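Below is one structure, written out as structure tokens, with a few remarks after it.
Bear in mind that the values in this text are calculations on the coordinates, not laboratory data. Predicted model, so just to flag it, every value in this text is computed and none were measured. Every residue, glycine among them, receives a Cβ derived from its backbone with ideal geometry; neighbour counts consider all protein chains shown.
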Number of protein chains: 6
Amino acid sequence: MSEQGPGPGGLTHVDATGAARMVDVGDKEVTRRTATATGVVRTTPEVTAALRDDTVPKGDALGVARVAGIMGAKRTPDLVPLCHPIPLAGVTVDLAVGDDHVTITATARSADRTGVEMEALTAVAVAGLTLHDMIKALDPAATLDAVRLERKEGGRSGVWTRPDGR
Amino acid sequence: MSEQGPGPGGLTHVDATGAARMVDVGDKEVTRRTATATGVVRTTPEVTAALRDDTVPKGDALGVARVAGIMGAKRTPDLVPLCHPIPLAGVTVDLAVGDDHVTITATARSADRTGVEMEALTAVAVAGLTLHDMIKALDPAATLDAVRLERKEGGRSGVWTRPDGR
Amino acid sequence: MSEQGPGPGGLTHVDATGAARMVDVGDKEVTRRTATATGVVRTTPEVTAALRDDTVPKGDALGVARVAGIMGAKRTPDLVPLCHPIPLAGVTVDLAVGDDHVTITATARSADRTGVEMEALTAVAVAGLTLHDMIKALDPAATLDAVRLERKEGGRSGVWTRPDGR
Amino acid sequence: MSEQGPGPGGLTHVDATGAARMVDVGDKEVTRRTATATGVVRTTPEVTAALRDDTVPKGDALGVARVAGIMGAKRTPDLVPLCHPIPLAGVTVDLAVGDDHVTITATARSADRTGVEMEALTAVAVAGLTLHDMIKALDPAATLDAVRLERKEGGRSGVWTRPDGR
Amino acid sequence: MSEQGPGPGGLTHVDATGAARMVDVGDKEVTRRTATATGVVRTTPEVTAALRDDTVPKGDALGVARVAGIMGAKRTPDLVPLCHPIPLAGVTVDLAVGDDHVTITATARSADRTGVEMEALTAVAVAGLTLHDMIKALDPAATLDAVRLERKEGGRSGVWTRPDGR
Amino acid sequence: MSEQGPGPGGLTHVDATGAARMVDVGDKEVTRRTATATGVVRTTPEVTAALRDDTVPKGDALGVARVAGIMGAKRTPDLVPLCHPIPLAGVTVDLAVGDDHVTITATARSADRTGVEMEALTAVAVAGLTLHDMIKALDPAATLDAVRLERKEGGRSGVWTRPDGR
């Protein structure tokens, strides 16, 4: 039995490479960490009009998507196998309705040993899936696009902002 | 993309007000926090006799309700959308059998940045729902009443106790 | 090893009585089943005014509570230990704002082998807990009262309505 | 207390419109239903080479993403508030590595009263988020794009395939 | 995009073999299915005496383990990646205290398209883990042994009973 | 209402003894804690050959079991009623294929107020259940044996290693 975590020591070659592991962050610094992610739901002008007028048949689509995004952020370690469970300090999810799309922006914050990028991205993805569910009777072809990290801050690597052209 | 969390900046009027958010508690103090909540399941003398004699057909109703309440406290952030996930330090759930009712008392404790009122209240509610489930073959009209916070302690606001007359 | 489920056969006296079990419903009829439950959150006129005006600081309290109630109904078998997991066919949660209280009404529907009372009651309780969370900065003494079954229909026992005086 | 689900009856104007509900599908037909969704994770040639060679530091990225996608499909009703819980009959998730991207394809199948579009879309989104997590040390700018329904079959509406140009 | 599920069609060689999938059971017969599993927690005579006398410091160890086993059975599809979510019709968990061990027996029942072996085995494993947790202050060396299927019935393959010598 | 947690004070005799509680660890030290557990899945040489050759019909059995074990560790407080929810700092799960068995080794790490034995044991048990699920078409009689703690470190009690003969 090895203390070093997964690796070839004492194991057959079957597991010798590529074994997934949840890396140990116990010695990382407890600092304030923030991450912001965005995404876009592309749909039709009819749907965005219904969202603005709050006439989507299934109910308050933007409100439900926002709540789902916040709750989704909290489920990140249940969904993403190697994500660390962390006590999230705060989450916001915004939905901005454009002509033929809805832009989703999520910011996750913690004061812990590991970053919150995945929490912000998960909030965007779950809000986007929920928006799809709310509008799919009107537009089954709606698409969730450009789910991506915009900015993160905190921890050893400091501030990262999305490079131009990506 | 705004760093200030949800708000009108850059959004259409659709989201300009009333947007739910999980507020950032990352700068709040890490202190010992405790909350106690109570509730009452009102039922019949026949049911309370069965509870005392442990003859409820579905099994050990009080024991199952207590376990469900403790586990329910841990599910609070999964159930209450804007609750922060926190590492609960301890939970107790008591059930006291009266003549025609059962009084439930739950105390939740943490050493974190946010209070544990919702955890204590959720423990009471889930224990009460479970008790209802265990006895509903005998009394489908059982009622969960008076689920309320009795006392909380810790954090900036110090000690709060329920005012008389509420 | 016994096929009859929990009981004294082969066991010591420790388990001979009172053992909780999830009863077998596999031979029950697949029928349409409906249950309606209600509950009341008692608070202050200031809070109900804020709910009406949508000026609760934490956001759209009624909308968030409604979503939480619907999601809570789906979590019933995770929360109530002996509840059967069932494919819920529909859930509605209404919140009606009165002078100093909010009345919550939830209806759960299925087409399965077991009733949906616990799903309706759980929807009410989780909506009530969430409403408490949304307004607790304004009124920490808010109370969830009278969580109870009003009516159920379907299955062998037909229609049940709450008797007068309970 | 109304049997008709959410609506203005007996409620103040606060809830009179836009109330979210999980619509009743209990009278819909039990039929075989299938849905296929796709999505694309856009990244760098260096990352796709590491995926092909199984040299991603965090482990077997494609295998972990596939498992996460399958498990994510099962969590759909926990994530998407108004989705019906259904017994999924099967889920497959494929990941095809291209030059600078990975294409994810998920198919969900059921024999139930409601479609499985959201399950297929959720599988794609969770597999995509997980892939992002596995490669983010190499490429924090990786983007999840074009998460969309390709085809669904079963139920009253028969076969739907994605229209050209969407 | 292939309808045949995971396979080499259209994919690079990366996924051509060994891809996990949740196999489609939608065309399998809906029948009554039952499975029984057992397991043994090996501990000390001091611990079994405490279990019999109900003097375990952490509380009613057998009752808590039984509830945990029943709830664990319901969580099987959340834990075992390729297990189908099914509406369990019933679960029983028995714990029989011997001289230096506790025998756990769980029976799961459904009326669905897929077997319930994993549900019975998961109930045993979670009850065993919980018993370990309850007694670990007295015996941290307690061992969960012989978690195995004893019998299953229903579906195309009929009755299976554990062969002698396994 | 008592602040001392569950006990006879003010309660009827029904709850006077044996009441389960999640003990308060809020005053325990925040230290690095590690626990390693092992277990063995006993099966046939045909199955271990299929595992080595990656020809198990259901897919990459070892990889799926490893991911399930890691995710299972994170679900420990959801499964084991009196376990404290903690932010796990790291988890590794190894599977070593022998002639007629697979040995599972899991190590859990945290920097918190309570030990991680149950997380390590749960990782082993869930990996073992998953392996059983993956191979059960080939060997329904496979057995999960010897799930036990090997070593733990951290907290007041320091290092514990499994005594000889247990």
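Quote the relative contact order of chain B in percent (integer), defining contacts as alpha-carbon pairs under 8 Å separated by 6+ residues.
Values: 335 pairs, mean separation 55.9, N = 166.
That works out to 34 percent.
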Lysines whose Cα lies under 28 Å from that of E:Lys28, excluding same-chain neighbours fewer than 8 positions away = C:Lys28, C:Lys74, D:Lys28, D:Lys74, D:Lys152, E:Lys74, E:Lys152, F:Lys58, F:Lys136
Mind listing the long-range amide H neighbours of B:Gly98? Cut-off is under 5 Å, sequence gap 5 or more, other chains count too, H placed in the peptide plane at 1.01 Å from N.
-> B:Thr103
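Shape verdict for segment E:121-166, please, from the Cα gyration tensor: rounded (a/c under 1.5), prolate (a/b greater than b/c) or oblate.
Working: a/c = 6.72, a/b = 2.47, b/c = 2.72.
The shape class here is oblate.
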Segment F:124-166, relative contact order [Cα under 8 Å, separation at least 6], % | 26 percent
Under the Karplus relation with 6.51, -1.76 and 1.60 and θ = phi - 60°, whole-Hz ³J(HN,Hα) for segment B:31-44, x at Gly and Pro, equal 9, 5, 10, 9, 9, 10, 10, 9, x, 9, 9, 8, 9, 10
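Let me have the 222 nm mean residue ellipticity of chain B computed from DSSP H runs of 4+ only, each contributing -39500 (n - 2.57), with the sum over all residues rounded to the nearest 500.
Working: 4 runs with 46 residues, N = 166.
That comes out to -8500 deg cm²/dmol.
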Residues whose built amide H sits under 5 Å from the amide H of F:Leu88, excluding neighbours closer than 5 in sequence, are none
Looking only at D:Arg109, D:Arg148, D:Arg156, which one moves most when chain D is put into a Gaussian network model with springs between Cα atoms under 10 Å?
-> D:Arg156
Relative contact order (percent, whole number), segment A:84-166, Cα cutoff 8 Å, 6+ residue spacing | 21 percent
Shape call for chain D, from the Cα gyration tensor axes a ≥ b ≥ c (a/c under 1.5 means rounded, otherwise prolate when a/b beats b/c, else oblate), comes out prolate
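Rounded, prolate or oblate for the protein assembly as shown? Axes are the square roots of the Cα gyration tensor eigenvalues, ordered a ≥ b ≥ c, and the cut-off for rounded is a/c under 1.5. Mind showing how you got there, number by number?
Details: a/c = 1.27, a/b = 1.00, b/c = 1.27.
Rounded shape, in that the Cα axes give a/c under 1.5.
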Under a 5 Å amide H to amide H cut-off, with H placed in plane at 1.01 Å, what residues pair with E:Arg21 once short-range neighbours are removed?
-> none
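If I take R0 = 51 Å and measure r between the Cβ atoms of A:Val159 and B:Val159 in this structure, what FRET efficiency does the formula 1/(1 + (r/R0)^6) give, to the nearest 0.05?
Working: r = 40 Å, r/R0 = 0.79.
The value I calculate is 0.80.
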Under the Karplus relation 6.51 cos²θ - 1.76 cosθ + 1.60, θ = phi - 60°, what is the ordered set of whole-Hz ³J(HN,Hα) values for segment D:124-137, x standing for Gly and Pro?
-> 5, 5, 6, 4, x, 4, 5, 4, 4, 4, 6, 10, 5, 5
Nearest residue to the symmetry axis between D and C, taken on chain D by its Cβ, in whole Å = D:Pro87, 4
Between the label point of D:Asp99 and that of the same position in each other copy, find the distances and list them shortest first in nm, with every label point placed 7 Å from Cα along the Cα-to-C-beta direction.
-> 3.2, 5.3, 7.4, 7.4, 8.5
So if we plug the beta-carbon distance of B:Ala137 and A:Glu46 into 1/(1 + (r/R0)^6) with R0 = 60 Å, what FRET efficiency do we get, rounded to 0.05?
-> 0.75
Calculate the spin-label point distance for C:Val30 paired with F:Asp99, positioning each point 7 Å from the Cα along the beta-carbon direction, and give it in nanometres.
-> 5.0 nm
Give, rounded to the nearest 20 debye, the magnitude of the charge dipole that chain F has about its Cα centre when Lys and Arg contribute +1 at Cβ and Asp and Glu contribute -1 at Cβ.
-> 360 debye
Determine the distance separating the Cα centre of segment E:54-115 from the Cα centre of segment F:102-149; give it in Å without decimals.
-> 16 Å
Using the Karplus equation 6.51 cos²θ - 1.76 cosθ + 1.60 (θ = phi - 60°), what ³J(HN,Hα) coupling, rounded to whole Hz, does each residue of segment F:69-86 give in order, writing x for Gly and Pro?
-> x, 5, 5, x, 4, 5, 8, 3, x, 6, 9, 9, x, 9, 6, 7, x, 9
